[in-house]
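Chemist: The following block contains the structure, expressed as structure tokens.
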Amino acid sequence: MQQKDMDALFHAISQQSGSPDTTKAASRLQAALNTPDGRRAAQQVMQHYSGSLEQVAHMAQSGNMEGAKRSVQDLMRTPEGAQLAAQIAKMMGR
């Protein structure tokens with residue numbers, strides 16, 4: 001998954017949710033992933049799970065937000081996903 005794909009995914013999430021809170025959270029997540037630590041953590045996940053991330057992006061872009069959500073939750077249960085989630089939480093001040 002390339003940067004343009006990630007940008008499209010965040011845009012789809014923001015547009016399709018209709019929720020200002022979701023839009024704000026997606027924006028904060030995107031900013032966190034654009035830091036050096038965020039890029040490193042995301043790269044580790046992408047090395048192991050690029051196919052899953054592609055599926056998530058396609059689901060979100062086609063409006064299947066529940067499927068995308070379930071897939072992301074599954075991904076976050078992997079060791080690499082858990083590490084990414086922890087790094088994102090740290091970067092977002094949680």
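The values are calculated or read from the model by the stated rules, or taken from the named source; none is laboratory data. Computed from a prediction, not measured in an experiment: that's the story for all the values here. Heads up, the Cβs are rebuilt from the backbone with ideal geometry, glycines too, and the neighbour counts pull from every protein chain shown. Protein only, heavy atoms only, side chains kept; ligands, DNA and RNA dropped before computing areas. Shrake-Rupley method; radii C 1.70, N 1.55, O 1.52, S 1.80 Å.
Chemist: Between a first residue in segment 8-31 that is touching a residue at least 60 places away in the same chain (Cβ under 8 Å) and a second residue that is surrounded by fewer than 16 Cβ atoms within 10 Å (Cβ to Cβ), which pairs have beta carbons less than 9 Å apart while being 6 or more apart in sequence or on different chains?
Modeler: What qualifies is ARG28/MET92; LEU29/MET92.
Chemist: Can you go through GLN44, GLN73, GLN16, GLN30 and tell me which one is farther than 15 Å from ILE88 by Cβ, open to solvent by 40 Å² or more (accessible area, probe 1.4 Å) and either assigned to a helix (DSSP H, G or I) or not β-branched (Val, Ile, Thr) (or both)?
Modeler: Result: GLN16 is the single residue among GLN44, GLN73, GLN16, GLN30 that is farther than 15 Å from ILE88 by Cβ, open to solvent by 40 Å² or more (accessible area, probe 1.4 Å) and either assigned to a helix (DSSP H, G or I) or not β-branched (Val, Ile, Thr) (or both).
Chemist: Sticking with this structure for a sec: Would you please name the residue that is surrounded by the most Cβ atoms within 10 Å (Cβ to Cβ), looking only at residues in segment 53-67 that are of a type in the set (Gly, Ala, Ser) and either at pLDDT 85 or above or assigned to a loop (DSSP other than H, G, I, E, B) (or both)?
Modeler: My answer is GLY67.
Chemist: Considering only segment 38-47, how many residues are out of contact with any helix residue (DSSP H, G or I) (no Cβ under 6 Å at 6 or more places or on another chain) and not aliphatic (A, V, I, L, M)?
Modeler: 4
Chemist: Something else: Starting from segment 37-62, take each residue that is under 16 Å from HIS11 (Cα atoms) and list its partners that are open to solvent by 50 Å² or more (accessible area, probe 1.4 Å), counting only C-beta distances under 6 angstrom and pairs at least six apart or across chains.
Modeler: Cβ pairs passing all conditions: VAL56/VAL72.
Chemist: Continuing with this model, one more query. Would you mind telling me which numbered condition in (1) among the small types (Gly, Ala, Ser); (2) surrounded by 16 or more Cβ atoms within 10 Å (Cβ to Cβ); (3) not in a helix (DSSP H, G or I) GLY93 fails?
Modeler: Every condition holds for GLY93 apart from (2).
Chemist: Still on this structure: So which residues in segment 69-94 are free of Cβ contacts under 8 Å to residues at least 40 places away in the same chain and among the aliphatic types (A, V, I, L, M), if there are any at all?
Modeler: Within segment 69-94, VAL72, LEU75, MET76, ALA82, ALA85, ALA86, ALA89 meet the criteria.
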